[in-house]
Amino acid sequence: MENKTILMTFFSVMVLISFFNQSLAIAADLEEMLINEFDVVLRNWPSPGDYNLNVIRGQSRKHLKYLLNCGVKMGPGGTECSIEYRDAISRNKSTSKDCCLMIVKTGKQCHTEWMKLFFQFYQVKRFSSKVMIKTNEIWNKCSNETETISPFSG
C-alpha cells in the first residue's frame, strides 16, 4: 500500500511538473510574440513631431492661411502669450494684461481657432476637453479687462 501511495504521489508530481513546464514554454512563446508585436507597433507609431505635422497637414490651406493672418495680428509677443494661454488652460494660471490686449486685438474667432489647433498637438492634447470652456473664460476675462482700459470705451 505504501508503495502505491509513493508511486501515485510521484506520478502526480510528474504530471504537475510536465504541465508547469509546458505552460512555461507557452508563456515564453507568448512573451516573445508580444514583444515582437510591440516592436512592430513602435516602429510604425508616429513620433510626437510626426503627430503634430499630421495635425497641421490635416488643416485646409484656407484655414492655415487664416491662422497665419491671426498670428500676424497677434504681433511679435504671440509666442510668450501662447505659453500664457496654454498655462491658463492647463494649469488655471491667469493671463497678463499685455496678452489680454493681444487676444482682444486679434479677435475672438482668431483666438478660438488658434486654441483649437494648439490643443490638438500631441504634448497638450490631454487638455483638449477643457479648451472651449477655458477659451471662452479667457476671452471674457480679457475683453472685460481691456474694455475698462480701452480708449474707445466711454
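The values are calculated or read from the model by the stated rules, or taken from the named source; none is laboratory data. Note that the coordinates shown come from a computational prediction; the quantities given were computed from them, not determined experimentally. Note that each Cβ is placed from the backbone with ideal geometry, even for glycine, and that neighbours are counted across all protein chains shown. For the accessible areas, the whole protein counts, side chains as well, though only heavy atoms, and no ligand, DNA or RNA atoms are used. Shrake-Rupley method; radii C 1.70, N 1.55, O 1.52, S 1.80 Å.
The residues Y51, Y85, sorted by heavy-atom accessible surface at 1.4 Å with ligands and nucleic acids left out, run Y51, Y85 from largest to smallest. With the cut-off at under 16 Å, measuring from each backbone N in region 114-131 to a point 7 Å along the Cα-to-Cβ line of S47 picks out 122-123. Solvent-accessible area of M74, all protein chains in place: 20 Å² (probe radius 1.4 Å, heavy atoms, ligands and nucleic acids excluded).
Across E145, E137, the residue with the most accessible area heads the list, and the full order at a 1.4 Å probe is E137, E145.
Counting only protein heavy atoms and using a 1.4 Å probe, the accessible area of V131 comes to about 10 Å².
Residue ranking by accessible heavy-atom surface, 1.4 Å probe, largest first, among I133, I83, I138 comes out as I133, I83, I138.
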